[in-house]
Amino acid sequence: MALCDSFISGGTYILLNAKGGTALDMTSSLKVEGHHLHSKSNQRWRFINTGDGWAIQNCQLSKDGQSVYLSANGGPLKEGKPLVGSTISMSWYVYLVDGALRITWPRTDYVMDLSDWGNSAPGTHVQLMRLKKEQPCQLWYFSRCGTIDTLAPTTTLMALTPPPLEILHKERSQFQNAPVLHVLLHMHDEMALELDRTCTTSIRHRPSHKEQSQQWRLLPCADGETIQACRESLDGQPLYLTVRGLAQRGACVVASPYPVTWRVERCQPTGKKLAIRSVLGYFPSLCMRHLLTSARYSIFWPKTNLVITSQKAQGDVDDVTLAECDDTSFSKWNMVIV
């Protein structure tokens, strides 16, 4: 079962591998390894609820002073893929198994694993591997900082289980005929959401030209949509909209190889909102093209009131950020089919 909000929220933990006994450690070069326990900041981890899992933040900042999160090297998922620190957060699923944690790449059977079957040698790298339920090298004992002598949690845990994979596949099938590419136009000034041509992690707010850098796919995922860029990264990876650091007011919207589930809501004339997949349920005879081009949408970070907006209103800066939804044109986007 997955951990509940009341246990994790605000908590900082040390994680010890159930086989090797070494602590999950972030090195100065942002490698994730097993090392002997010393309880310093680079072995302390903060679990942050993202609405679709948990961002796992290291308590030591990067060399340039940025927050660092547990992530994985670029490229496709595969066994042996090393875990690393990144300044872009991603969501993990975290499960309680026999008093330890199983930390899982969302909606897959890849889990966090101490390599070489839980080798206790300092510097052993931590990686993604397919789930092997009987292997303790894929489980992590956890202790709230300040109580290292007690590895078993004393807090009562409650269940919060992510959607089963079979449900996700069923939901995806509802959108097989949805349009593939569209441009997102800010309602305030009709400027488009654009993947920067020179830096493929930056998202800008530029005049509409509908070329590839302004084309996006909405892909159903869990109870929302991931938003994928039409362009790939310089090394050929798919890119998705996410935020840099914590999801809070003013956080920059960026592109990353790691998808995040957004809540895309259609704004009704009365001010009410409907999720995109709810619209199809209410109006099954209408085509998605008509729905997307005849309505305005707000794009929410899951389980918050934070939406994607632009800083153009505050001057010449064309950064795209998160802001509180205020039901004005600054919080809304048109979706134009390419």
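The table that follows gives values for the structure above.
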{"read-out": "Candidate residues Glu194, Glu33, Glu211: accessible-area rank, largest first, probe 1.4 Å", "value": "Glu211, Glu33, Glu194"}
{"read-out": "Residues Arg206 and Ile337, FRET efficiency given R0 of 22 Å [Cβ-Cβ distance, rounded to 0.05]", "value": "0.70"}
{"read-out": "Spin-label model distance (nm) - Gln248 vs Asp196, 7 Å beyond Cα toward Cβ", "value": "2.2"}
{"read-out": "Principal axis dimensions, the range 28-103 - Cα atoms, whole angstrom, descending", "value": "34, 31, 27"}
{"read-out": "Entries of Lys210/Lys303; Lys31/Lys133; Lys210/Lys332; Lys31/Lys81 with Cα pairs more than 21 Å apart", "value": "Lys210/Lys303; Lys31/Lys133"}
{"read-out": "Asp319 long-range amide H proximity, modeled H, under 5 Å", "value": "Gln311"}
{"read-out": "³J(HN,Hα) computed for each position of the range 80-95 - Karplus, 6.51 cos²θ - 1.76 cosθ + 1.60, integer Hz, glycine/proline x", "value": "x, 5, x, 8, 9, x, 9, 7, 9, 6, 9, 9, 10, 8, 10, 10"}
{"read-out": "Distant-in-sequence amide H partners of Gly11 (H built 1.01 Å from N, under 5 Å)", "value": "Phe47"}
{"read-out": "Percent of Cα pairs exceeding the 18 Å cut-off, where the set is the range 1-128", "value": "50"}
{"read-out": "Projected label distance in nm at Leu77 and Ser120, using a 7 Å step from Cα toward the beta-carbon", "value": "3.2"}
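The values are calculated or read from the model by the stated rules, or taken from the named source; none is laboratory data. Values in this document were obtained by computation on a predicted structure and should not be read as measured data. With ideal geometry, Cβ positions are generated from the backbone for all residues, glycine too; neighbour counts draw on all protein chains shown. Side chains included, ligands, DNA and RNA excluded: accessible areas come from the protein's heavy atoms. Shrake-Rupley method; radii C 1.70, N 1.55, O 1.52, S 1.80 Å.
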